[in-house]
Each structure stands twice: as C-alpha cells, then as structure tokens.
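For reference, the structure discussed in these notes is given below.
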Amino acid sequence: MEKEGFKIGGYKLEAMYMDRQGGGTYFSIKQLKQGGTFIRLDWGKHKSSSKYFHIHSRFYIGNKKIGSTKP
C-alpha cells in the first residue's frame, strides 16, 4: 500500500496502514530530511515471536542523536 501521508512544513504524518504480516503502523510523524527526527507507534513482531505495540523514535539534542538509527 502506498503511504501518502499528510505533509506539514518539513514533516510528514501517517496513520493506520498494515504490512504483509498483519502488523502495521498506527501513527507516525517524521521529518522529511534524510536521517531526521521521527516517532512511530507500531503493532507487530519486534524481536520476539508475539505481536505487541512498540515505539521507534529518533531525535537530537544539540548534535547528539538519541534513539533508533533507522526509521
């Protein structure tokens, strides 16, 4: 499924899409530039065999990156 989202300034908002395994993203806000800030709430497998909610995020304080390395 194509994820068009909604763009506001330099950010993109997305919600409610599924992947092929039945998991998916409930909500996502990400900066459009490569390697930018993002936060995403997902449902699905993440380092285990069971499905559950998990959050991925990346943001910056000064020049220090905190959080996930890949969006």
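The values are calculated or read from the model by the stated rules, or taken from the named source; none is laboratory data. The structure presented is a predicted model; accordingly, all values stated were derived computationally and were not measured. With ideal geometry, Cβ positions are generated from the backbone for all residues, glycine too; neighbour counts draw on all protein chains shown.
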Cβ-Cβ under 6 Å, sequence separation 6+ or interchain: first residue in segment 3-22 and at negative phi, partner in a strand (DSSP E or B) and among the aromatic types (Phe, Trp, Tyr). Which pairs? Lys3/Tyr17; Leu13/Phe6; Ala15/Phe27
Condition first: of a type in the set (Ser, Thr, Tyr), surrounded by fewer than 16 Cβ atoms within 10 Å (Cβ to Cβ) and modelled with pLDDT of 75 or more. Now tell me which residues in segment 12-55 satisfy that. Tyr26, Tyr52
Here the residues within segment 1-11 that are modelled with pLDDT under 80 and either within 25 Å of Tyr60 (Cα to Cα) or not hydrophobic (A, V, I, L, M, F, W, C) (or both) are Glu2, Lys3, Glu4
